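Colleague: This structure is in structure tokens; I'll ask about it shortly.
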Amino acid sequence: MADRKLFVLTSILISMSILMSYSLTTYTVVLFDMGEFHFLIRQAVFGVLSILIMWFFAQLDPDVWLHRLGLILLITSMLLMIIMPFLPASLVSEVGGAKRWIKILGFSLAPVEFFKIGFIYFLAWSFSRKLGYHGGMGIKQEFLRFLPYAVIFVAIMFIIAFVQNDLGQVVVLGLTLLFMLMFAGSSFKFFLVLLFSAFSFFAFFVLTAEHRILRIKSWWSLAQNSILQLFPESIASHLRVPSSTEPYQIGHSLNAIHNGGIFGVGLGDGTFKLGFLSEVHTDFILAGISEELGFIGVLTVTVIFLWILQRIFKIANRSNDSVNYLFSLGIGLLISFAFLINAYGISGLAPIKGISVPFLSYGGSAIIAASMGIGMVLMASKKVNMDKKRLNG
């Protein structure tokens, strides 16, 4: 039997997403002349479908379907990302010059969300076959062993960061890859080398795009006062930027969090969703929850996330199959990094990356893809329980 607690906890977050998609879109439906229940209905469809997908995946045989589903998600989504720039405008949605969504039956599908799940499975499957513990080998030998994955990842970074103009997803995938590599048996020294290389690539991608430089400056204008007080004034004066560049989105996000206090202003009674904080039901949903449900609401969400991660990592730890172990670990890491990057972003501790909150933010592709990942972990948990019964029986 699959892990019931993981299924129930994830379903609770999805249900909360449906509720907040109605509460936080009061201004948006008026601005775009939509029906009052437009976002509620769509998110309810996405949410129910996601819960059904998790339940359905949990019934499948992990020895047969985990590998098939992982490769199908990887290959299909990668092909879609490659061909998207060449598709006509009638089939793709373009935002900011980047084509990230494919239009299907009135809905927009983001292939990168499904690619992340497939890519994590590919890493788990490949690492379990090709890597293993380093056994004292030097950095050079470890690098040669890792080189094929580096080539693949650089190609993926090009597609996502340049073609789709989505550096945030590259950051999440890069961090997940690094930590999966360490748990797959690489040395800590090699991990540090790759971490430094990753920061170098990140700096390169930022410095080659003017809008990313402006985003970093915008974030720094908000965070600089608390950081620069640790430095001598002779150094701080060279690092300080004019405060006039402070990002209004972060300012309103912090005000929404402050306005919520401990218990919040009440569900549906938030004010910063009324045109001050745009698209609050997507990337800034934690700020919206903080205002309406207060610190208690955000704490509840955080505890549920931590409980979900505890169940996922417990499944990974108990797995005797290296693929299931690494895949479950990878899904847990993916959820962790997405949640942390979003939470740090809306609180001004890190630049905004456009990363949605798993299971909470409005959007069909993200919630369905994340639920597929959880469904595959549930499938793996069933194998863990089957192996345990076999050993005891």
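The values are calculated or read from the model by the stated rules, or taken from the named source; none is laboratory data. Quick caveat, the model's predicted, so the values are computed rather than measured. Please note: Cβ atoms are built from the backbone with ideal geometry, for glycine as well, and neighbour counts cover all protein chains shown. The area values use the complete protein model at the heavy-atom level, side chains included, leaving out ligands, DNA and RNA. Shrake-Rupley method; radii C 1.70, N 1.55, O 1.52, S 1.80 Å.
Colleague: In square angstrom, rounded to the nearest 10, how much accessible surface does ILE104 have for a 1.4 Å probe?
Modeller: So the heavy atoms of ILE104 present about 80 Å² to solvent.
Colleague: A follow-up question, please. Solvent-accessible area of ILE368, probe 1.4 Å, all protein chains present, reported in Å² to the nearest ten, please.
Modeller: So the heavy atoms of ILE368 present about 20 Å² to solvent.
Colleague: Given a cut-off of 30 Å, name the pairs among LYS5/LYS116; LYS273/LYS353; LYS353/LYS383; LYS189/LYS314; LYS103/LYS273 whose C-alpha atoms lie farther apart than that in the structure shown.
Modeller: Where the Cα-Cα span goes over 30 Å, the pairs concerned are LYS353/LYS383.
Colleague: So what does log10 I(q)/I(0) come out to for region 257-388 at q = 0.15, 0.18 Å⁻¹, using the Debye formula with one equal point on every Cα and no solvent?
Modeller: Listed by q, the Debye log ratios stand at -0.75, -0.96.
Colleague: Have a look at MET34, LEU71, PRO88 and report the one farthest towards the positive end of the charge dipole of region 20-102, computed about the Cα centre with Cβ charges (Lys/Arg +1, Asp/Glu -1).
Modeller: Toward the positive end, the furthest listed residue is PRO88.
Colleague: Quote the relative contact order of region 288-393 in percent (integer), defining contacts as alpha-carbon pairs under 8 Å separated by 6+ residues.
Modeller: 22 percent
Colleague: Given SER356, TYR325, VAL303, which one lies farthest toward the positive end of the charge dipole of region 301-393, if we put +1 on the Cβ of every Lys and Arg and -1 on the Cβ of every Asp and Glu?
Modeller: Towards the positive end, the residue furthest out is TYR325.
Colleague: Net charge within 9 Å of GLY264 by Cβ-Cβ distance, Lys/Arg positive one each and Asp/Glu negative one each, not counting GLY264 itself?
Modeller: Numbers: positive: none; negative: ASP269, GLU291, GLU292.
So the environment of GLY264 carries a net charge of -3.
Colleague: Just check region 33-88 against the gyration tensor rule for me: Cα atoms, a ≥ b ≥ c as the square roots of the eigenvalues, rounded for a/c under 1.5, and otherwise prolate or oblate depending on whether a/b exceeds b/c.
Modeller: oblate
Colleague: For ARG68, project a label point 7 Å along Cα to C-beta. Then give me every residue of region 362-385 with its amide nitrogen under 18 Å of that point.
Modeller: 372-373, 375-383
Colleague: Right, something else. About the Cα centre of region 1-149, how large is the charge dipole given +1 on each Lys and Arg Cβ and -1 on each Asp and Glu Cβ? Please answer in debye to the nearest 20. Before the final figure, lay out the partial values.
Modeller: Working: 12 positive and 8 negative charges, 99 e Å.
Result for region 1-149 is approximately 480 debye, rounded to the nearest 20.
Colleague: If Lys and Arg each add +1 and Asp and Glu each add -1, what is the summed charge of the other residues whose beta carbon sits under 13 Å from the beta carbon of ILE285?
Modeller: Taking every Cβ under 13 Å from that of ILE285, the sum is -3.
Colleague: Once a ≥ b ≥ c are taken as the square roots of the eigenvalues of the Cα gyration tensor of region 18-129, is the result rounded (a/c under 1.5), prolate (a/b larger than b/c) or oblate (a/b not larger than b/c)?
Modeller: Values: a/c = 2.82, a/b = 1.44, b/c = 1.96.
Here region 18-129 falls in the oblate category.
Colleague: Further question: Sort LYS353, LYS189 from largest to smallest accessible area, using a 1.4 Å probe on the heavy atoms of the protein chains.
Modeller: Details: LYS353 35, LYS189 135 Å².
Accessible-area ranking of LYS353, LYS189, largest first: LYS189, LYS353.
Colleague: So, one more: Going by accessible area, probe 1.4 Å, with all protein chains left in place, what is the ranking of LYS273, LYS5, largest first?
Modeller: LYS5, LYS273
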